[in-house]
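S.K.: The structure that follows is given in the form of structure tokens.
Read-outs throughout are calculated quantities, based only on the coordinates presented, and are distinct from any laboratory measurement. Everything numeric in this text was worked out from a predicted model, so none of it was measured. So basically every Cβ, Gly included, is an ideal-geometry build from the backbone, and we count neighbours across all protein chains shown.
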Amino acid sequence: MKAIVCVKQVPDTQGKVAVKADGTMDRAAMATITNPDDLNAVEAALQLKDETGCEVVVVTMGPPPAEGMLRELIARGADRGVLVSGREFGGSDTFATSQILAAAVNKIGVGPEDIVFCGRQAIDGDTAQVGPQIAEKLHLPQVTYVTDIKKDGNSLVVKRQLEDGYMELKVNTPCLLTCIKELNNPRYMSVSGIFECYDKPIDVFDYNTLKDDPLIETDTIGLKGSPTNVYKSFAPPVKGAGMMVEDAAQLVGILNDKHLI
Amino acid sequence: MAEFNAMDTAAFKGVWVFCEQREGQIQTISYQLLSEGRKLANDLGVELCGVVMGSELNEDYIKALGGYGADRVYYLDSPLLKDYTTDGYAKALCDLIMEKKPEIMLIGATNLGRDLGPRCAARLHTGLTADCTHLDVDVEKYKNFLRTTSNIDVDNTKFEENTNLKMTRPAFGGHLMATIICPRFRPQMSTVRPGVMQTQAFDEAGAAKVVVEKIAPALTADDIHVEILDIKKSAKKMVDLIGADVVVSVGRGISSDVDKGIALAEELAGVLGGVVGASRAVTDEGWLSSDHQVGQTGKTVHPRIYVALGISGAIQHVAGMQDSDTIIAINKNESAPIFDVATYGIVGDLFKVVPELIKEIRAAKA
Ligand SMILES: Cc1cc2nc3c(=O)[nH]c(=O)nc-3n(C[C@H](O)[C@H](O)[C@H](O)COP(=O)(O)OP(=O)(O)OC[C@H]3O[C@@H](n4cnc5c(N)ncnc54)[C@H](O)[C@@H]3O)c2cc1C
Ligand SMILES: Cc1cc2nc3c(=O)[nH]c(=O)nc-3n(C[C@H](O)[C@H](O)[C@H](O)COP(=O)(O)OP(=O)(O)OC[C@H]3O[C@@H](n4cnc5c(N)ncnc54)[C@H](O)[C@@H]3O)c2cc1C
């Protein structure tokens, strides 16, 4: 049994975002982190490993330095990593990204008892689309917004968050789950994990590794092939800073004059 | 799916809106999307269709979709569609799309819509733009939109003239806006968050003349690979942030006396006729439940008045409230970024300022 976790490296947008003069994001000027929801996905897989002894494989698509993130996740307890990396993959939208990741997962192999984990949403592209799209391409049932997982033989009982409550669902493996922060508290790297993380394997899947996979259509990957294209991008106008007022009395005076209260 | 994908984009006609129901109730996002879809359908000169899935739904609710702009409603009726499942809904919706070929498909970015949308887009072999805040087909209208909301020098910029759907969405917490198109594949799909689009006034005539087509989808229990064991509503009443006229939100600034801070926010919301919201710092701490959270991963609000008490103004928070008509910020740190988006700001301790504010408002109203 395996748990395959899709993990994205994202710019750290906490507080500071570096935007270039042309309105695009200056990724080089920003630190990177593991996407927050994906840490919950990794933790869910590690808990499954604690319970069943299953293998945990972490997969990321990104530039070569993303290997560092995979090593950190191995130090948390994952068994091995797969780095999906190639110039041809750059600029992929979610349709293209999920196609490439689905092919990578397919190559790793999804057995009857296996579970694919994703985060719900990545904080940069912020679409929450890649998980369900991978599930569709692999023909796996999906449950998104997962806040609780109980293993019951070959099936799972999972809670899925709704805006005003939750749904409890039963789903058989193999399946794909997208995880949110309410699911668990991610563990830290262990000291022995840090020592050992460089001894564990990380495979690199490049374009040539994946191009013949039946899930890959070579004309819908990368920037050119992606169904969605950026037509224009722009910075929103800077709102003129507002008016500072002295105290409550002055504020209420203004609100009153403007008939706001 | 290659076959569907290979079809000529010109063969696709009509604007569709997925009208979500839960427990037989049409969700308000559906009316917002129909109202927006109506404008697009008018600009394209095509039909606006609502798609409703469920079991034995009240026909009056379905007709009412015409009152919000739908010319036609496809009502997919099956016991297997009573409650949402990814498999059941995705199959029913995709089968209908492949048969009827709409050019645009709008879906609410609710927890269910964000499950359904990407699954369908992958099956239909088309693009999906997430969390759109503005939609245009007409280039002139798009240019006018840019004139007021962007730094682009519209008159000296070249725009391709076509009726592709131009889907604008905030990225990186609102630091950047991207307009996305899907030129090669159909339908052009987008999700829109609840509260972002305005609902038009209900039109009786529209409701009277809407054409309802009831369809029994080709679905069997074997198509659905999950089993719903239970659907639970949380016991407490949820705060209706999205529909609120006034929102008073609290941030970590209440930490020195959380109960008092929340009580003050509730009292201020009370005198202003509003509800209490929160930053994620507050919901993460468990001081208020997560349905109060405003922001990128919470709710998008645009009330008439938004009050931020002890909130620093992180981009992820601002993304959810920057379109409020009037923003009032109270923060003891004069360089807090929240003052950059505030219409009015007061530098001070919220525990001192808010009681005065409540007193002054009461006096002004007396
Ligand atoms: C400004 C901007 C706007 C965009 N808007 C859209 C849009 O509307 N529609 C669209 O199709 N694309 C869009 N994209 C492209 C999209 O961001 C990329 O395709 C991105 O690689 C994946 O999408 P995401 O970040 O939204 O991931 P999400 O779908 O939010 O990620 C969900 C989960 O999928 C997994 N995952 C995602 N990416 C990877 C990865 N590279 N490696 C491993 N696991 C991964 C993770 O588990 C993650 O938690 C946009 C990009 C930018 C920069
Ligand atoms: C992926 C991601 C998504 C996120 N989504 C959201 C989201 O949807 N919504 C959201 O809100 N955040 C979100 N965040 C978190 C966000 O980045 C900030 O951490 C959060 O908004 C900070 O909350 P705060 O302003 O209440 O707290 P702080 O940043 O700690 O600010 C507290 C403020 O209170 C002021 N203060 C302290 N005492 C007083 C006093 N007595 N009187 C007056 N002022 C006082 C301080 O000067 C300070 O400005 C997200 C973060 C990430 C990474």
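S.K.: How compact is region A:24-133 by the rule of thumb for globular proteins, expressed as Cα Rg over 2.2 N^0.38 Å?
M.R.: Relative to the 2.2 N^0.38 Å estimate, region A:24-133 comes out at 1.07.
S.K.: If amide H atoms are built 1.01 Å from N in the plane of the peptide, which residues on other chains or at least 5 residues away come under 5 Å of the amide H of A:VAL84?
M.R.: Close amide H contacts, sequence-distant or interchain: A:THR60, A:MET61, A:GLY62, A:PHE205.
S.K.: Could you sort B:342-349, A:252-259 so that the peptide with the highest average Cβ count within 10 Å comes first and the rest follow in order?
M.R.: B:342-349, A:252-259
S.K.: Out of region B:115-200, which trypsin sites (Lys or Arg not before Pro) are coil in DSSP terms and have no more than 15 other C-beta atoms within 10 Å?
M.R.: B:LYS158
S.K.: Once every Cα of region B:1-138 carries one equal point scatterer and solvent is ignored, give the base-10 log of I(q)/I(0) from the Debye formula at q = 0.18 Å⁻¹, two decimals.
M.R.: Debye output, listed in q order: -1.03.
S.K.: How crowded by other chains is B:216-225, given as the mean number of beta carbons from other chains within 10 Å of each beta carbon?
M.R.: That works out to 1 on average.
S.K.: Excluding A:LYS2 itself, calculate the net charge of residues whose Cβ lies under 12 Å from the Cβ of A:LYS2, where each Lys or Arg counts +1 and each Asp or Glu counts -1. Working shown, then result.
M.R.: Numbers: positive: A:LYS49, A:ARG80; negative: A:GLU55, A:ASP79, A:GLU113, A:ASP114.
Once all neighbours under 12 Å are counted, the net charge is -2.
S.K.: Right, something else. Distance in nm between label sites at B:SER335 and B:VAL258, each 7 Å beyond Cα in the beta-carbon direction?
M.R.: 3.0
S.K.: A further question on this structure: Under 14 Å from a label point 7 Å along Cα→Cβ of B:ASN42: give me every residue in region B:198-218 with its amide N that close.
M.R.: Under cut-off, by backbone N: B:198-203, B:206.
S.K.: What Kirkwood Rh does the protein assembly as shown have if only Cα atoms enter the pairwise 1/r average? Answer in Å.
M.R.: 25.6
S.K.: Something else: Could you please state, rounded to a whole Å, how far the C-alpha centre of region A:108-172 is from the C-alpha centre of region A:71-96?
M.R.: 19
S.K.: Using DSSP to define loop residues, name the GluC sites (Glu not before Pro) in region B:102-181 whose beta-carbon has at most 15 other beta-carbon atoms within 10 Å.
M.R.: The qualifying sites are B:GLU160, B:GLU161.
S.K.: What ranking, highest mean first, results for peptides B:89-99, B:201-211, B:57-67 when packing means the other Cβ atoms within 10 Å averaged over each residue? Each step should come with its number before you reach the end.
M.R.: Numbers: B:89-99: 19.9, B:201-211: 13.3, B:57-67: 18.4.
By packing density, highest mean first, the sequence is B:89-99, B:57-67, B:201-211.
S.K.: In the calculated pair distance distribution of chain B, what percentage of Cα-Cα distances lie above 38 Å? Kindly include the intermediate steps, with their values, before the conclusion.
M.R.: Details: 17186 of 66795 pairs.
Above the 38 Å cut-off, chain B has 26 percent of its Cα pairs.
S.K.: Next question. Please report the antiparallel percentage of the DSSP beta bridges confined to the protein assembly as shown, to the nearest 5.
M.R.: Taking every DSSP beta bridge with both residues in the protein assembly as shown, the antiparallel ones total about 35 percent.
S.K.: Near B:TRP287, within a Cβ-to-Cβ distance under 10 Å, what is the net charge of the other residues, with Lys and Arg +1 and Asp and Glu -1? Can you show the working numbers first?
M.R.: On the way: positive: B:ARG252; negative: B:ASP259, B:ASP284, B:GLU285.
The answer is -2.
S.K.: If you find the alpha carbon centre of region A:203-261 and of region B:111-162, how far apart are they in angstrom?
M.R.: One Cα centre to the other: 12 Å.
S.K.: A follow-up question, please. Among the DSSP beta bridges whose two residues both lie in region A:137-261, what percent are antiparallel, rounded to the nearest 5?
M.R.: Counting DSSP beta bridges with both partners in region A:137-261, the antiparallel share is about 80 percent.
S.K.: Additional query: Count the net charge of all other residues whose Cβ sits under 15 Å from the Cβ of A:TYR207, scoring Lys and Arg as +1 and Asp and Glu as -1. Intermediate values should be presented prior to the final figure.
M.R.: Working: positive: A:ARG87, A:LYS107, A:LYS211, A:LYS224; negative: A:GLU88, A:ASP203, A:ASP206, A:ASP212, A:ASP213, A:GLU217, A:ASP219.
Its environment carries a net charge of -3.
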